[in-house]
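Written out below as C-alpha cells is the structure these notes cover.
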Amino acid sequence: MTADKFILRALRLFLLLLMAAALFSCDFGIRTRSLMGGRLHVTVEIDEKANQDNPIALDLLFVYDEKLLEQLLQTPAKEWFEKRGQIKRDYLEGDGLDYWGWEWVPGQNIPVQELPLKSGAEGALVFADYLSPGDHRVRVAPFEDMTIHLKKDGFEVKSSEY
C-alpha cells in the first residue's frame with residue numbers, strides 16, 4: 001500500500017469516527033455522567049411576577065435510595081419544605097440523597113449553577129415553594145443539564161444543553 005492510500009484511508013476513518021462522535025455526543029455525555037458523575041449545569045429563569053411577586057425557595061434533590069424516591073414522588077412541595085430537615089437527618093447527604101437549596105426573588109438574574117454530580121442516582125426532583133395551590137414538584141432526569149423557569153403560579157423544567 002502506498003503512503004497516499006494509507007493517508008486517504010486514515011483520513012476517511014478519522015472523518016467517520018468524527019461523524020459518529022457528533023451523532024452520539026449528547027447521549028454519550030449523559031451516559032458518562034450516569035456512570036462516573038461529573039458536573040451538572042442548572043440554568044434558572046425567573047419571571048418578574050414569579051410566585052405572585054414573592055421570593056421563591058427552590059430545592060433540587062438527587063435521590064440514591066429507592067424507597068425515599070418513591071416517598072418523595074408523592075410529596076407536595078409544601079410538605080417537603082415542612083419536613084426536609086427531618087428527611088435530611090434520616091437520609092444522610094451523599095448517601096440517601098444530595099440536596100441543593102436556594103431562594104430567589106422575582107426578576108433576579110441567576111448565574112448558571114454548576115453542581116457536582118455523583119453516579120448512581122435513582123432519580124431527581126425539583127421542589128418550589130409557591131404561594132399558589134399545587135404540588136409544585138417536578139421529577140427530572142438526574143444526569144441532564146436543565147433549565148428551570150419560575151413563573152407566576154408554577155414552574156417548568158426542561159433539559160438543556162450547556
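Every number in this text was worked out from the coordinates using simple rules, so none of it is lab data. This one's a predicted model, so the numbers in the text were calculated from it and none came from an experiment. All Cβ positions, glycine included, derive from the backbone under ideal geometry; neighbour counts span all protein chains shown.
Quick rundown of the values:
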quantity	calculated
Neighbour-count order for 155, 62, 6, fewest beta carbons within 10 angstrom listed first	6, 62, 155
Percentage, to the nearest whole number, of Cα pairs in the range 38-159 over 17 Å apart	53 percent
Sites residue 39 and residue 132 - FRET efficiency at Förster radius 35 Å, r taken between beta-carbons, to 0.05	0.60
